[in-house]
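Below: one structure, written as structure tokens.
Every number here is computed from the coordinates shown, using simple stated rules; none is lab data. Just so we're clear, the structure is a prediction, and the values are computed from it rather than from any experiment. Every residue, glycine as well, gets a Cβ built from its backbone with ideal geometry; the counts of neighbours run over all protein chains shown.
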Amino acid sequence: MSELSVNHLLGIKYLKEDDVQLIFQTADQFKEVINRPIKKVPSLRDITIANLFFENSTRTKLSFELAEKRLSADVVNFSESQSSVKKGETLIDTVQNILSMKVDMVVMRHPSPGAPIFLSKHIDASVVNAGDGTHEHPTQALLDCYSIRERLGDVAGKKVVIVGDVLHSRVALSNIFALKLLGAEVKVCGPKTLLPKHIESLGVGVESNLKKALEWCDVANMLRVQNERMVTSYFPSTREYAMQYGLTMDILRDLSKEIVIMHPGPINRGVEITSEVADSNYAIILDQVENGVAVRMAVMYLLASKIKR
């Protein structure tokens, strides 16, 4: 397979396994590039990419920007706080104005689920979903699976547990889709109030006991509690959450095997994971960050190669 089956990256659920493998193979090549003394390639020299972030983001935005610059693309940055959206301009108007500047690709983060899908139906440019509400965050899932593949050789047959605030997490949903697509077994673990009601319908197991979940898995992906998305209280206190679902070195040392620890960031140190665990050899958190640039380079390169010139 030499090209993606899709023209946009809107969610993992629209991808085939071959698409993911192609992205990974392309990311392997870009990973070599970003470890060279000269880290730039002219692959997207004639492509203009607009980063539209209608929601705060540090890591994802920086990762996309770095990936775009490594590919020599022309980059336009837009953030809602400095825009006419505050004056009542609609999403379509904002984007049409940006597209009239002849933009080829839009990387978009938006608080409303489905916003990138809506956008892709109204514009000619290729759309990359950088996170839409509590819906999906496809590049995060791709870089997570890529990091598992790098550490453990393959994703197929691996047991992965996603721990924490699954209810409010677009990372969890995209990860479940990607892991299942690649042949991994998936469980979720967390307080009942933070697990979606019909999560089993996605073909994942549910485990409420953290230690049991960790004994079962090869990889644990620790999610932060997304207080900014909570309207009511989902557990008694942060301290209680940390006691029941926080990962410590003592818990890891008590396991009968060594497991891999991941975190999509930003980390609430001392809540879902202690500093000692985050900075230990168990964790591949910094590998995830590095792989994020290579995977995003691969996604944008492959989508750009489908843009009709």
A student applying the Cα gyration tensor rule (rounded when a/c is under 1.5; otherwise prolate if a/b is larger than b/c, oblate if not) would label region 138-288 rounded
Taking a ≥ b ≥ c as the square roots of the Cα gyration tensor eigenvalues, with a/c under 1.5 meaning rounded and otherwise prolate when a/b beats b/c, else oblate, which class fits region 243-288? oblate
Compute the angle between helix 138-152 and the longest alpha-carbon principal axis of the chain, please, reported from 0 to 90 degrees and rounded to the nearest 10. 50
Suppose R0 equals 35 Å; then what is the FRET efficiency for residue 254 and residue 197 from their Cβ-Cβ distance, rounded to the nearest 0.05? 0.65
Which FRET efficiency value, to the nearest 0.05, do you get for residue 46 and residue 92 by plugging their Cβ-Cβ distance into 1/(1 + (r/R0)^6) with R0 = 25 Å? 0.45
Lysine pairs, Cα distance under 20 Å, 8 or more residues apart or cross-chain: how many in region 138-288? 19
Indicate, rounded to the nearest 5 percent, the antiparallel portion of the DSSP beta bridges found entirely in the chain. 5
Averaged over all viewing directions, the convex hull of the alpha carbons in region 114-226 casts a projected area in nm² of 7.5
Determine the distance separating the Cα centre of region 246-309 from the Cα centre of region 19-82; give it in Å without decimals. 18
Taking Cα atoms only, helix 285-304 is inclined relative to the longest principal axis of the chain by an angle, in degrees rounded to 10, of 30
Connecting C-alpha atoms closer than 10 Å in a GNM of the chain, tell me which of 243, 262, 222 has the biggest fluctuation. 243
Flagged links, alpha-carbon separation over 22 Å, of 102/306; 13/69; 39/102; 31/121; 16/69: 13/69; 39/102; 31/121; 16/69
Length-normalised contact order of region 138-288 in % [C-alpha pairs under 8 Å, at least 6 apart]: 24
20 °C / 1.002 mPa s Stokes-Einstein diffusion coefficient of the chain, Kirkwood radius on C-alpha pairs, µm²/s: 107
By the Cα gyration tensor axes a ≥ b ≥ c (a/c under 1.5 gives rounded; else a/b larger than b/c gives prolate, otherwise oblate), the shape of region 21-70 is prolate
